[in-house]
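One structure below.
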C-alpha cells in the first residue's frame, strides 16, 4: 500500500515537472519576444537620458528585470510601449537621484564615441547628438520621444504626466535651443 502511494506521488511529481517545463519554455519565449520588440526603444531612451553607455546598460537591465518580476498584462502594443517608456523614465529618475550620481562625473564624449549607435553618424548628425545632449533633461525627453520614438504630443503628455500644451512648449523651446547650439557650432567650425 505504501509503495503504491509512493509510486502515485512520484508519477504525480513527474507529471507536474513535465507540465512546468513547457510553461517555462513558453514564458522564456514570450520574454525573448517582448525584449526583442522593446530593447532598442528602451536602450535609446535610457542612453539619451543618462548619457553614458554603461549607465544605459544598467537601466536597460533594470527595466527588463522589472518586466519579468511584475509580469504585467498589456492591453495592446501601444500599452506595452507606454509601459516600457514609463518604466525606463522612472528608472532614469531613480538613477539621477542615487547617491552614486551625486558624486560621479561622467566622461560623456568618450562614452558617446564608444557607443556603436552614435559612431555610425556623420559629422552633422554627431553635432546634432552633441547639441541634444546639452539640453536640459525635460527637453531631451520630449525631443527623444517625439523624434526617435515618433510619439504624438498627446502620448508624450500621458507618459510624462504633463499637459499637451506643456509638451508643445517644451518641444518649441528645445528646437529653439538646438537651433542656437547648432548655429554656434557652425560658427566655431567656420572659424
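What follows is calculated from the coordinates using simple rules that are stated; it is not laboratory data. What you see is a predicted model, and the numbers here were worked out from it, not measured in a lab. Glycine gets a Cβ as well: all are built from the backbone with ideal geometry, and neighbour counts include every protein chain shown.
Quick check on packing: order 175-181, 27-33, 137-143, 52-58 by the mean number of other C-beta atoms within 10 Å, highest mean leading. Present the calculation step by step, with values, prior to reporting the outcome.
Numbers: 175-181: 14.1, 27-33: 11.0, 137-143: 19.7, 52-58: 17.9.
Output ranking for 175-181, 27-33, 137-143, 52-58: 137-143, 52-58, 175-181, 27-33.
All Cα-Cα distances of the range 43-84, cut into 5 Å bins from zero to the largest, leave 5, 23, 24, 22, 17, 8, 1 percent in each bin in turn. In terms of surrounding Cβ atoms within a 10 Å radius of their Cβ, 74, 146 rank from fewest to most as 74, 146.
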